[in-house]
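The values are calculated or read from the model by the stated rules, or taken from the named source; none is laboratory data. The shown structure was predicted, so the numbers you read here are calculated from the model rather than taken from an experiment. Here the Cβ positions follow ideal geometry from the backbone for every residue, glycine too, while neighbour counts run over all protein chains shown.
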Amino acid sequence: MSLESYLSISALLFAMGLIMFISRRNSVAILMAVELIINAAAINFVAFSRFVPSAEARLDGQVFAIFIILLAAAEAVVALAIVLALYKEKKHIQADQLVGLHG
């Protein structure tokens, strides 16, 4: 695979995440869209590190991608905990109806 194919897959993933982020009202769907956008960035890091000509910088993209995946997992755990707490309190998770978060 060439760099262009990695970048086109990443751009497609980013576009799908952005469209989903803009069009969805459900909080869980919005979180999945954010995960798609973050994974598109991780694919870019890995793709550019694979095509870097220097030998000492070949693993930088993979290291960044692992940190991105760990950060995305932690973000998903915290965000889902917030969504569950909101559902317990408000009985819905529609993002456009969640205007008051003070308790």
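In the set I22, I38, which member is β-branched (V, I, T) and crowded, with 16+ Cβ neighbours inside 10 Å? Checking each option against the conditions leaves just I38. Checking A29, A40, A15 one by one, the residue that is under 11 Å from the mean Cα position of the chain (by Cα), small (G, A, S) and closer than 30 Å to A95 by Cα is A40 and no other. Which residue pairs have Cβ atoms under 7 Å apart, sit 6 or more places apart or on different chains, and have a first residue in segment 45-74 that is in a loop (DSSP other than H, G, I, E, B) and a second that is loosely packed, with under 15 Cβ neighbours inside 10 Å and modelled with pLDDT of 85 or more? Here the result reads F51/L3, each pair linking segment 45-74 to a residue that is loosely packed, with under 15 Cβ neighbours inside 10 Å and modelled with pLDDT of 85 or more. When the residues of segment 43-83 are filtered to those that are surrounded by 13 or more Cβ atoms within 10 Å (Cβ to Cβ) and charged (D, E, K, R), the one that is nearest to the chain's Cα centre (by Cα) is E75.
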